[in-house]
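Colleague: Let me give you the structure first, and then I'll get to my questions.
Derivation of every value follows stated rules applied to the coordinates shown; laboratory data play no part. Not measured: the values here are computed from a predicted model. Every residue, glycine as well, gets a Cβ built from its backbone with ideal geometry; the counts of neighbours run over all protein chains shown.
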Amino acid sequence: MRGARSIRLKRNSFVLFVTLFVLAVFAWAGWANYEYRKQAAEKVLAAASHAQLIAAGSSDDGMPPSPLLGKPAPEFALQDLTGKKVSLSSYKGKALLINFWATWCGPCKLETPWIVQLRDQYAAQGFEVIGIDSEGDDLPDSDKPGLAKQKTAVADFVQQEHMQYPVLLGGDNLAQPYGGLEAMPTSFYVDRKGTVVAAQMGISSKDDMEAKIRKIVGAGQ
Amino acid sequence: MKTRHIIPAALFASALLSTLLCPGAHGQSFPSGKPSQSTAKLEAVQYLYPEQVTLPAGKTSPVALHFRIEPGFHINSHAPKDDFFIPTVFSIPADAGVKLETASYPPGADFVLPADPDTKLSVYTGNFTIQARLTAEPGDHLVNAKLRYQACDRTACMPPKTITVPIDIVGK
């Protein structure tokens, strides 16, 4: 009687041990599978997001062309630094460079002197520039010092870079009609008929900008 | 419990356990090969670790925070050379139960844009670490710290961004 009970106890212990072992194996396998899938998903996400983050590009350097190419430049009316409203329609008949920029953007600072020079050079041929500040900032409305500093920075930048052409504020409101404006600088070259002839996201070179300006100055004449 | 009862119970339990521990098959979904636009745009800087730290409550302690910048991009260091540029700044909200006493940032590396070889920028690339000194109140605090940065590649810059740095900080 006692012997049979002892055997049963041993058998139960053995079964319990095997059961716990199986459970542990399942748990380990489940966890390993979870980790593997997590890492694989992270790798896929990292690779895909890197591809998405390549910001620079233009219509002629292998990057996807701007959806605005060949279309009329979307109309806008924004305030300049003095509070005066300036609309795109007031530039009808001009060859126009619409240059979106931001104070925090190093490449913008680099290309601004080129734009100033090219404007002077081609003004007599009916070429004009509109600079549109597009800070794209995520500062909350509660960050009053941050927002005030930003406004001062725009005026300081304009003065420091001798931007004699109209500079408008609130370019972030044009992100949707102008194809996202995901990176600065972004430039649109508009011919005398108001059609976007070339677009450039990111800095290229002064020569490249001049070539595009020649295109719009000559186009439509 | 009889042996014949143990085995089915064990199989049921193991099946249940493996189901719970295998979220890829059932519960939590993972990103597909084509992430959404909004997810991809968040990835210029990623917080790596630690996800959880235990600190002696009320005592200021060092914590190293590790971040990764996507290849091909750089962000301004904490001390950019141009006043117009936006520095990288780590912060912790005031009501988090954890106070950021100091944050020590790595020095920026010199970086030159191809279009302007004469101007040196002070930037971070690759991985970087911020040495924070934190004081935690007793208890478990899920802290949503912030990292503000502004990223560029060699020709263009993206708008400044503030990302959440989630850290579970236990003050003991």
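Colleague: Excluding B:Pro62 itself, what net charge comes from residues whose Cβ is under 15 Å from its Cβ, given Lys and Arg +1 and Asp and Glu -1?
Modeller: Around B:Pro62, the charge tally is +2.
Colleague: Still on this model: Tell me, how many Å apart are the Cα centres for the stretch B:90-140 and for the stretch A:96-142?
Modeller: 30 Å
Colleague: Right, another one. Once the other residues with Cβ under 12 Å from the Cβ of A:Ala155 are scored (Lys, Arg +1; Asp, Glu -1), what is the net sum?
Modeller: Values: positive: A:Lys149, A:Lys151; negative: A:Asp80, A:Asp133, A:Asp156, A:Glu161.
Around A:Ala155, the charge tally is -2.
Colleague: At 7 Å along Cα-to-Cβ for each site, give me the label-to-label distance between A:Ser142 and A:His162 in nm.
Modeller: 4.4 nm
Colleague: Can you compute the modelled spin-label distance between A:Lys151 and B:Thr129, with each label point 7 Å from Cα toward Cβ, in nm?
Modeller: 4.3 nm
Colleague: What list of ³J(HN,Hα) couplings, whole Hz, do you get for the stretch A:89-105 from phi and the Karplus terms 6.51, -1.76, 1.60, once you set θ to phi - 60° and write x for glycine and proline?
Modeller: 4, 6, 9, 4, x, 8, 7, 10, 9, 9, 10, 8, 8, 8, 5, 7, 9
Colleague: Moving on. For a quick check: sort A:Asp120, A:Asp191, B:Asp95 by the number of other beta carbons within 10 angstrom, fewest at the front.
Modeller: Fewest-to-most ranking of A:Asp120, A:Asp191, B:Asp95: B:Asp95, A:Asp120, A:Asp191.
Colleague: Using amide H atoms built in the peptide plane, which far-off residues or other-chain residues are under 5 Å from A:Gly202 H to H?
Modeller: The answer is A:Gly57, A:Thr186, A:Ser187.
Colleague: With labels modelled as points extended 7 Å from the Cα through the Cβ direction, what inter-label distance (nm, one decimal) is found for A:Lys206 paired with A:Gln176?
Modeller: Each label point lies 7 Å from its Cα, and together they span 4.0 nm.
Colleague: List every residue whose amide H lies under 5 Å from the amide H of B:Ala57, counting only residues 5 or more places away in sequence or on a different chain, with H placed 1.01 Å from N in the peptide plane.
Modeller: Those qualifying (amide H under 5 Å, at least 5 residues apart or on another chain) are B:Lys172.
Colleague: Subtracting the Cα-Cα distance from 0.36 nm times the residue separation, let me have the gained length for A:Asn12 to A:Gln125 in nm, one decimal. Working shown, then result.
Modeller: Working: separation 113, 0.36 × 113 = 40.68 nm, distance 9.80 nm.
Additional length available on full extension: 30.9 nm.
Colleague: Could you list which residues have their amide H under 5 Å from that of B:Val165, counting only those 5 or more apart in sequence or on another chain, with H placed in the peptide plane?
Modeller: So B:Val165 has HN proximity to B:Ala145, B:Lys146, B:Leu147.
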